[in-house]
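The values are calculated or read from the model by the stated rules, or taken from the named source; none is laboratory data. On a predicted model such as this, the values are computed, not experimentally measured, just so you know. As a convention, Cβ positions derive from the backbone with ideal geometry for all residues, glycine included, and neighbour counts pool all protein chains shown. Areas reflect the complete protein model, heavy atoms only, side chains present, ligands, DNA and RNA absent. Shrake-Rupley method; radii C 1.70, N 1.55, O 1.52, S 1.80 Å.
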Amino acid sequence: MDEKYFEELIEYFHSLDHITTEDIPNIDLYMDQVTGFMDQHLDPIKRHHEDKALTKTMINNYAKNKLLPPPDRKRYNREHMLILLFIYYYKGILQLNDIEVILKPLNEKYFSGHPSVTLTDIYDEVFTLEPDEKKRIFAEVETMAKMSLDSFRADNPKFSGISDEDRGELQLFSFLCELGLDVFMKKLLMEKIADKLHEAELSRQAAERAMKKKK
């Protein structure tokens, strides 16, 4: 891994951003408009330009599996869009049943239902943390990169016989492993939180069944 490639990665990292609530239309959208909006605004963070951010089939499945409230006469409002964004951010990390239990309080308490707090308020509040969080993550990534560039050194007898090309390849692999460990450990924490929410939901359902039997 050479420093030029690292600089390219850093430039890419700094280009990443989230969709703001100001970006979201204040009018209800039909399915094609929803998928078009997502494709356009999520394009910078899609792995490949030709990939679809969200498809009609995906969105219908989210509604079917109760991750997303159903549309009103085939139209999706601002709150639908915010839930879909949370789903998009999570779906590459967690299983759908975990996302369902994570989003359940948002869907039940704040989707067109809370007297004072809106989903827009929640989304905005979450992302007020983003600038400082990105700085912290950048510092961590920079440290990982420097450590990786310092690995498999030529003055280490174990690796003195490999070519510069192979050394760069192994350093890149080392960087990838450092990033992977970070993602893996945080994913485990997210799954632990999801398990806690699953347990709470099962307890709530059991309590409701017990109350019905008493009646």
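Taking L9, is it of a type outside the set (V, I, T), open to solvent by less than 80 Å² (accessible area, probe 1.4 Å) and in a helix (DSSP H, G or I)?
Yes.
For K196, indicate whether it is within 30 Å of E108 (Cβ to Cβ), charged (D, E, K, R) and out of contact with any Phe, Trp or Tyr (no Cβ under 6 Å at 6 or more places or on another chain).
yes
If I filter the stretch 133-160 down to residues being at pLDDT below 90 and among the acidic types (D, E), which single residue comes out as farthest from the chain's Cα centre (by Cα)?
E142
So which residues in the stretch 12-25 are without any contact (Cβ under 8 Å) to a residue 24 or more places away in the chain and open to solvent by less than 100 Å² (accessible area, probe 1.4 Å), if there are any at all?
D23
Determine whether the stretch 33-49 contains at least one residue that is among the basic types (K, R), within 25 Å of M185 (Cα to Cα) and without any contact (Cβ under 8 Å) to a residue 12 or more places away in the chain.
yes
Take the stretch 26-60 and flag every residue that is surrounded by fewer than 12 Cβ atoms within 10 Å (Cβ to Cβ) and not in a helix (DSSP H, G or I).
Hits for the stretch 26-60 are N26, I27, R47, H48, H49, E50, D51.
When the residues of the stretch 114-139 are narrowed to those that are under 29 Å from E7 (Cα atoms) and outside any helix (DSSP H, G or I), which ends up least open to solvent (accessible area, probe 1.4 Å)?
T128
Which of the numbered conditions does K158 fail, given that it passes all the others? Conditions: (1) open to solvent by 70 Å² or more (accessible area, probe 1.4 Å); (2) closer than 30 Å to L67 by Cβ; (3) basic (K, R).
Against the list (1) open to solvent by 70 Å² or more (accessible area, probe 1.4 Å); (2) closer than 30 Å to L67 by Cβ; (3) basic (K, R), K158 comes up short only on (2).
So A194 fits all but one of (1) open to solvent by less than 80 Å² (accessible area, probe 1.4 Å); (2) over 27 Å from Q95 (Cα atoms); what number is the exception?
For A194, the exception is condition (2).
Condition first: in contact with a Leu (Cβ under 9 Å, 6 or more places away or on another chain) and under 19 Å from D98 (Cβ atoms). Now tell me which residues in the stretch 156-207 satisfy that.
Across the stretch 156-207, the qualifying residues are K187, M190, E191, A194.
Which count do you get for residues in the stretch 12-25 that are among the hydroxyl-bearing types (S, T, Y), part of a helix (DSSP H, G or I) and over 30 Å from L149 (Cα atoms)?
1
From the residues in the stretch 140-165 that are assigned to a loop (DSSP other than H, G, I, E, B) and of a type in the set (G, A, S), which one is nearest to H14 (Cα to Cα)?
Selected residue: S151.
Go through the residues of the stretch 139-148 one by one and say whether even a single one is among the polar types (S, T, N, Q), touching a helix residue (DSSP H, G or I) at 6+ places or on another chain (Cβ under 9 Å), in contact (Cβ under 8 Å) with a residue 24 or more places away in the chain and over 27 Å from D17 (Cα atoms).
no
Regarding Y62, is this residue among the hydroxyl-bearing types (S, T, Y), more than 17 Å from D17 (Cβ to Cβ) and within 19 Å of the chain's Cα centre (by Cα)? Give the derivation first.
Working: among the hydroxyl-bearing types (S, T, Y): yes; more than 17 Å from D17 (Cβ to Cβ): yes; within 19 Å of the chain's Cα centre (by Cα): yes.
Yes, satisfied.
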